[in-house]
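A short write-up of the structure that comes next.
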Amino acid sequence: METNKIKQLHELGQSIWLDFLDRNLINSGQLKKLIEQDGLRGMTSNPAIFEKAVTGSTAYDTQIRELAAAHQNNEAIFYELAVTDIQNAADQFEAIFARELDGFVSLEVSPRLANDTNKTIKQAVELWRKLDRENVMIKIPATAEGIPAIRKTISEGLNINVTLLFGLERYQQVVDAYLSGLEDRVAAGQPIDQIASVASFFLSRIDVLVDPQLVAKGHAEMKGEVAIACAKQAYQIYKRIFSSERFLKLQAMGATPQRVLWASTGTKDPSFSAIKYVEALIGPETINTVPMETLIAYRDQGHPASRLEHDMDKVMLTMEQLQRIGIDLTQISKQLEDEGIEKFNRPYDQLLQVIEEKKALRIAIPKL
């Protein structure tokens with residue numbers, strides 16, 4: 001019998017997380033099946049995922065009405081719904097978490113707070129306490145204002161998933177925030193051996209923005225190469241920093257590396273393979289969070305092999321060529337960051353509107 005291809009990725013050192021979450025997936029037993037049969041090792045959520053979940057299902061309706069009857073506002077109602085789902089999903093991964101530092105489920109702070117350090121810190125701490133699970137992560141975007149929030153929340157002992165990360169310069173700031181947060185915690189006499197963090201690179205969006213520019217400049221042969229090149233360079237930065245003297249001192253006190261996580265790995269260009277970003281970025285001590293359709297496609301079509309450090313000469317040539325033809329990746333990453341915040345604000349606002357509409361539905365609430 002052929003070994004499951006998703007499980008083979010774990011044997012190569014990579015954890016596969018699911019970039020999807022809804023109540024039906026949890027309650028139907030499908031999530032349990034994915035954990036057992038595919039070796040799924042975690043989940044991520046975001047406002048767009050929750051908007052689809054709540055809009056496309058009646059599974060949330062009764063709880064919405066109950067919370068509305070208790071005079072909760074729409075944002076508070078959303079976070080109660082999300083906390084319920086995240087807790088239940090985290091419980092499904094508890095056995096994995098008990099064995100190793102994996103099995104995490106992530107919940108994002110409000111995208112409206114992306115440019116407000118203090119409010120991000122406040123909400124992150126509130127959500128962490130409400131979730132009351134060791135195997136959850138709070139997602140904080142890698143904006144300029146998010147960097148000090150990441151440092152502070154790490155120092156407070158939270159597990160942090162750094163999201164909306166596009167550029168290598170910003171990545172180095174993220175890693176520094178993680179290490180500084182650990183150092184702050186050590187200085188305060190607090191333990192650091194139970195803190196986990198990941199740095200989530202959003203990949204396909206880079207190619208969506210860069211590829212038309214490459215074509216316009218007469219370099220269509222480079223289509224679909226830039227995001228992978230950026231990820232491979234990020235992994236080299238990861239290896240360098242997490243073998244440095246600075247980290248080794250923290251590791252001696254129980255610290256673990258902040259793993260890199262490949263996000264936005266479903267392909268957006270129909271001319272690319274559905275598993276393009278999974279195949280290219282398999283490597284040890286990494287995570288890939290995939291949409292359900294990509295997970296299914298890889299289960300069927302994948303060819304598991306460690307490739308994350310292959311073709312590094314080509315990576316350098318790609319970066320040099322971008323510079324020569326005038327494509328500025330720092331500017332690209334800033335644009336993507338701004339657009340990413342807006343792309344989460346829109347479904348977040350739509351989600352709150354859906355909750356408002358569902359509050360008005362005449363749904364009988366069963367008496368306990």
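None of the figures in this text is laboratory data; all of them are computed from the coordinates on show. Being a predicted model, the structure only gives us computed values, none of them experimental. Quick reminder, even Gly has a Cβ in these numbers, built from the backbone with ideal geometry, and neighbours come from all protein chains shown.
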Take the residue pairs 223/334; 223/314; 249/334; 217/334; 119/358 and return only those whose Cα atoms are more than 25 Å apart.
249/334; 119/358
How big is the dipole moment of the chain about its Cα centre under a simple scheme where the beta carbon of each Lys and Arg is +1, that of each Asp and Glu is -1, and everything else is neutral? Debye, nearest 20, please.
300 debye
Whose amide H sits under 5 Å from the amide H of residue 108, counting only residues 5 or more places off or on another chain, with H placed in the peptide plane?
139
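Using the alpha carbons of the range 5-359, what is the convex hull volume per residue in cubic angstrom, as a whole number?
Numbers: hull volume 47.4 nm³, N = 355.
Normalising the Cα hull of the range 5-359 by residue number yields 133 Å³.
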Positive-end extreme of charge dipole, the chain - chosen from 4, 167, 77 (charges on Cβ):
77
Listing 178, 171 from the residue with the fewest other Cβ atoms within 10 Å to the one with the most, what is the order?
171, 178
Karplus-derived HN-Hα couplings along the range 171-179 (A = 6.51, B = -1.76, C = 1.60, θ = phi - 60°), whole Hz, x at Gly and Pro
4, 5, 5, 5, 4, 4, 4, 5, 5
Across the range 65-76, in residue order, what do the Karplus-derived ³J(HN,Hα) couplings come to in whole Hz, using 6.51 cos²θ - 1.76 cosθ + 1.60 with θ = phi - 60° and x for Gly and Pro?
5, 5, 5, 5, 5, 8, 6, 7, 7, 4, 5, 5
Under Karplus coefficients 6.51, -1.76 and 1.60, residue-wise ³J(HN,Hα) of the range 280-289 in Hz, glycine/proline x:
6, 10, 7, x, x, 6, 10, 10, 10, 9
Say each of residue 357 and residue 330 gets a label point 7 Å from the Cα, pointing the same way as Cα to Cβ; how far apart are those two points in nm?
4.4 nm
Quick one: which residues, 5 or more positions from residue 15 or on another chain, have an amide H under 5 Å from its amide H? H modelled 1.01 Å from N in the peptide plane, none for Pro or chain starts.
286, 287, 288
I'd like the distance between the alpha-carbon centres of the range 24-64 and the range 265-322, rounded to an integer number of Å.
25 Å
